[in-house]
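The values are calculated or read from the model by the stated rules, or taken from the named source; none is laboratory data. Since we're looking at a predicted model, the values are computed, not measured. Reconstructed Cβ throughout: ideal geometry from the backbone, glycine too, with neighbour counts over all protein chains shown. When the accessible area is computed, the model is the full protein with side chains, heavy atoms only, and any ligands, DNA or RNA have been set aside. Shrake-Rupley method; radii C 1.70, N 1.55, O 1.52, S 1.80 Å.
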Amino acid sequence: MLVIPCPHCGPRDEGEFDHGGPVRTLPALDGAASAADWQRALHLPAADPGPMRQLWFHRSGCETWVEVTRDPSTHCISAARPAGAAGGGS
């Protein structure tokens, strides 16, 4: 069982959340990005080993998106904050 520390509701079982996938950096919406740039950003996210930033929607709680930094190999969560909060980095 994964316990996700919701910044609004406190620690909650992962069954209360919907997984939204990894946080991704998308091309700018200025028309300069090619179709290949969008293909890479949307369908080929980086799969670097170690901690990754993920989005989780707390559907059975505060109904907000939470950004979690989690190591998929150990399931260890090192940080959680409201999605879009300052300090996310890429």
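Within the set [x] 42, 23, 10; [y] 42, 27, 23; [z] 96, 41, 15, the number that Cα extents along the principal axes in Å takes when calculated for this structure is listed as [y].
Grab the other residues whose beta carbon is less than 14 angstrom from that of G21, score K and R as +1, D and E as -1, and report the net. Walk me through the intermediate numbers first.
Working: positive: R24, R53, R70; negative: D18, E67.
Taking every other residue near G21 into account, the sum is +1.
Using θ = phi - 60° in the Karplus curve 6.51 cos²θ - 1.76 cosθ + 1.60, the 3J(HN,Hα) couplings for the stretch 57-69 round to 9, 7, 6, 9, x, 7, 6, 10, 7, 10, 9, 10, 9 Hz; x is entered for Gly and Pro.
Computed 3J(HN,Hα) for the stretch 77-85, one whole-Hz value per residue from the Karplus formula 6.51 cos²θ - 1.76 cosθ + 1.60 where θ = phi - 60°, is 9, 9, 7, 8, 8, x, 4, x, 5, glycine and proline marked x. Left without a cysteine partner by the 4.7 Å Cβ rule in the chain: C62, C76. Taking Cα centre as origin and charging only the Cβ of basic (Lys, Arg, +1) and acidic (Asp, Glu, -1) residues, the dipole magnitude of the chain rounds to 100 debye. Peptides 25-31, 2-8, 63-69, 35-41 ranked from most to least packed give 63-69, 2-8, 35-41, 25-31, packing being the mean of other C-beta atoms within 10 angstrom over each peptide's residues.
If you place +1 on the Cβ of every Lys and Arg and -1 on the Cβ of every Asp and Glu, how big does the dipole about the Cα centre of the stretch 35-84 come out, in debye to the nearest 20? It would help to have the intermediate numbers written out before the result.
Working: 5 positive and 5 negative charges, 15 e Å.
For this selection, approximately 80 debye.
Amide H to amide H distances under 5 Å link V23 with R53, Q54, L55, where only residues 5 or more positions off or on other chains count and H is placed in the peptide plane. The relative contact order of the chain, computed from alpha carbon pairs under 8 Å that lie at least 6 residues apart in sequence, is 28 percent. What the chain shows is 63 Å² of accessible area per residue, with the surface traced by a 1.4 Å probe over protein heavy atoms.
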